[in-house]
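Everything on this sheet refers to the single structure shown next.
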Amino acid sequence: MRVLNIGSLNIDKTYSVKEFVQPKETIKALRYEEFCGGKGLNQSVALAKAGAEVYHAGAVGKDGTILTDILKTAGVHTDYIQEMDVVSGHAVIQVDENGQNNIIICGGANDSVSKAYIVSVLDRFLAGDIVLLQNEISNVDFVITEAKKRGMTVALNPSPMSAELKSYHLNQVDYLIVNEVEGKELAEVNSEKISDIMEGLKIKFPDAFIVLTLGEKGSYFFNQSETIYQDIFKVKAVDTTGAGDTFCGYFLGGLAEGLTVQESLKNASAASAIAVSRRGAAQSIPTKQEVQNFQKNKK
Ligand code: RIB
C-alpha cells in the first residue's frame, strides 16, 4: 500500500533557550541551529523509516534542496515535489532547557500548493492508497474531498489547528490523529477529562478511526467498537520538536505494513521517545532497527 503525504517542508530555525522569551523581554539564545522540518516532511521521514512506501508532495523554493535531500536519504519518493519561485517555508522554534518548544511557522512555498497541482499528483494514485495531510499547506480541504472521491483512505493530523479547519470536510477523514489540545477543540467539549474528549470525538466523527496522543499520559486508538491504550516509554526530554510527527508516521507506517494497531502504537511510542531524546526535527527520527533495539533494551 502506498502512502502519499501532501505536506509542508520547513527549514527550522531553532533557538535553544533557558526559558521561553516573555512579552517585553529580550533574551539571549544559548545556541542557534538550523534543521530540516515541517510536519509534512517529518511525517514522511518517519513513515519511510518505519518501512512504508511513501511519496511526498508539496512545494519548496530554490533554497529547498536540503529539504528534498533529507527526504531522499530517508527513502521517500520526492519526484512530485514542486520547486517554486518563492522561498521555502520556515519555522522559528524556541527549545527550553526541559526540551519543550514553541513554534511559529511561516508558510513560504507551502502556501502555494494549488488545486491544479493537487489534482495532477492525485491522478498518479489509486483507490486504496493512503493520503496523509497536516494543516500547514494551502488547499487541505480540497485534498480531503478530492482524495475521497477517488476512493483513497484519508489520514489527517490537524496540526496546527486553525479557525478554518473546523469547516473542512472532516467527516470524510478515515484516520484522525490528534493531540490533547486538538482533540478537545475538535470534540467541542467543555471538559479536560480524557474520557469526555474521547466520547466527544466519537460523536463528532462516528466513522473515523481516531488516535489521541496525550504526551506523558500515553496514547489511545479508538472508534465506535474498540479502544486500545499504549503507555509511553520514559526518557529524558532534550527536544520534543517533531515527536508527534514521528509518532504519526510510525503509527501509519505500522498499519500500512500490516502490523496490528497495538504493535503500531507501541512502535510509534518508542520511536517518538527516541526522537524526544535527540535534538532537531527530522534528524531526530530513529530507524526501524533503532526502534526495535530500544524496545528490547527497555524489557
Ligand atoms: O511538528 C514539528 C514541526 O512543526 C517543526 O519541524 C516545524 O517545522 C513545524 O512545522
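Output the residues belonging to the range 219-268 that are within 16 Å of the ligand (Cβ to nearest atom) and part of a helix (DSSP H, G or I).
Ala243, Gly244, Asp245, Thr246, Phe247, Cys248, Gly249, Tyr250, Phe251, Leu252, Ala268
I'm trying to understand the selection: among the residues of the range 189-219, which are loosely packed, with under 12 Cβ neighbours inside 10 Å, acidic (Asp, Glu) and more than 24 Å from Asn267 (Cα to Cα)?
Glu192, Asp207
State which residue pairs qualify: first residue within 13 Å of Asn42 (Cα to Cα) and inside the range 273-294, second residue within 12 Å of the ligand (Cβ to nearest atom) and basic (Lys, Arg) in any location, beta carbons under 8 Å apart, and separation of 6 or more residues or different chains.
From the range 273-294, no pairs qualify.
If you go through the range 5-43 one residue at a time, how many are within 21 Å of Gly108 (Cα to Cα), away from the ligand (no atom under 12 Å from the Cβ) and buried (at least 17 other Cβ atoms within 10 Å of the Cβ)?
3
Within the range 179-192, work out how many residues are under 20 Å from Glu226 (Cβ atoms) and out of contact with any Lys or Arg (no Cβ under 7 Å at 6 or more places or on another chain).
Counting residues in the range 179-192 that are under 20 Å from Glu226 (Cβ atoms) and out of contact with any Lys or Arg (no Cβ under 7 Å at 6 or more places or on another chain) gives 1.
Could you count how many residues in the range 132-180 are within 16 Å of the ligand (Cβ to nearest atom) and not small (Gly, Ala, Ser)?
So the answer is 17.
Pairs please, first residue from the range 164-175 and among the aliphatic types (A, V, I, L, M), second anywhere and at pLDDT 95 or above, Cβ atoms under 6 Å, 6+ apart in sequence or on different chains.
Pairs that qualify, where the first residue is among the aliphatic types (A, V, I, L, M) and the partner is at pLDDT 95 or above, are Leu165/Asn135; Leu165/Pro158; Val173/Val154; Val173/Leu156; Val173/Ala208.
Looking at Ile118, Ile105, which is the one that is of a type outside the set (Phe, Trp, Tyr), within 17 Å of the chain's Cα centre (by Cα) and within 22 Å of Val173 (Cβ to Cβ)?
Values: Ile118 fails: within 17 Å of the chain's Cα centre (by Cα).
Ile105 is the lone residue from the list that is of a type outside the set (Phe, Trp, Tyr), within 17 Å of the chain's Cα centre (by Cα) and within 22 Å of Val173 (Cβ to Cβ).
Quick one: Asp12 ticks every box in (1) part of a strand (DSSP E or B); (2) charged (D, E, K, R); (3) out of contact with any His (no Cβ under 8 Å at 6 or more places or on another chain) except a single one, so which number is it?
(3)
The values are calculated or read from the model by the stated rules, or taken from the named source; none is laboratory data. Just so it is clear, the structure is predicted and the values come from calculations on it, not from any experiment. Backbone-built Cβ (ideal geometry, glycine too); neighbour counts: all protein chains shown.
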